[in-house]
Amino acid sequence: MNTISLLAVFIGGGVGSIFRYMLSKAIKYFIPSAFPLTILGVNILACFLSGALGGWLLSKPEWHNIRLLLIVGFCGGFSTFSGFTDQTLRLLNEGNYFNSFLDIILHITLCLAATFFGAILFKQ
């Protein structure tokens, strides 16, 4: 881990978080709904970007810091779900099917459980 890598993740994450906030506000304003369209819309877009960028950068290992900036930083800041999908697809691409499916199951069950228990523990 070097300073350039950390800076790439830092800048990308900050910009991604700002974009997530702005897009969420825009979706809420233009498409008012009781269903959480903001989260769904942002997650779908972030995952699409992560997949497109990951596929594009897969054949460019020398662009490691660009990958950190765009996928880990921007897409991670834009939506943490994109980081999860990128990791799972990388496992699949490596032929690591058991760990990719275990990763999916653990993310869904443990993240939902953590959210549920966190909400109960800190409910005011």
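All of the numbers you see were taken from the coordinates with simple rules; none came from a lab. Being a predicted model, the structure only gives us computed values, none of them experimental. In this analysis, Cβ positions are derived from the backbone assuming ideal geometry, glycine residues included, and neighbour counts consider all displayed protein chains.
So the values come out like this:
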| item | result |
| --- | --- |
| Residue exposure sequence - ASP86, ASP103 - by fewest surrounding Cβ within 10 Å | ASP103, ASP86 |
| Hull-based mean projected area of the chain, where the convex hull spans the alpha carbons, in square nanometres | 9.7 |
| Peptides 105-112, 88-95 ordered by average Cβ neighbours within 10 Å, highest first | 88-95, 105-112 |
| Mean Cβ neighbour count within 10 Å, used as a protection proxy, ranking 73-81, 17-25 highest first | 73-81, 17-25 |
| Cα pair distances in region 1-40, grouped into 10 Å bins until the bin that holds the longest one, percent each | 28, 33, 21, 14, 3 |
| Pairwise centroid distance, computed over Cα atoms, of region 57-76 with region 1-48, Å | 17 |
| Dipole moment magnitude, nearest 20 debye, the chain about Cα centre, only Lys, Arg, Asp, Glu C-beta charged | 380 |
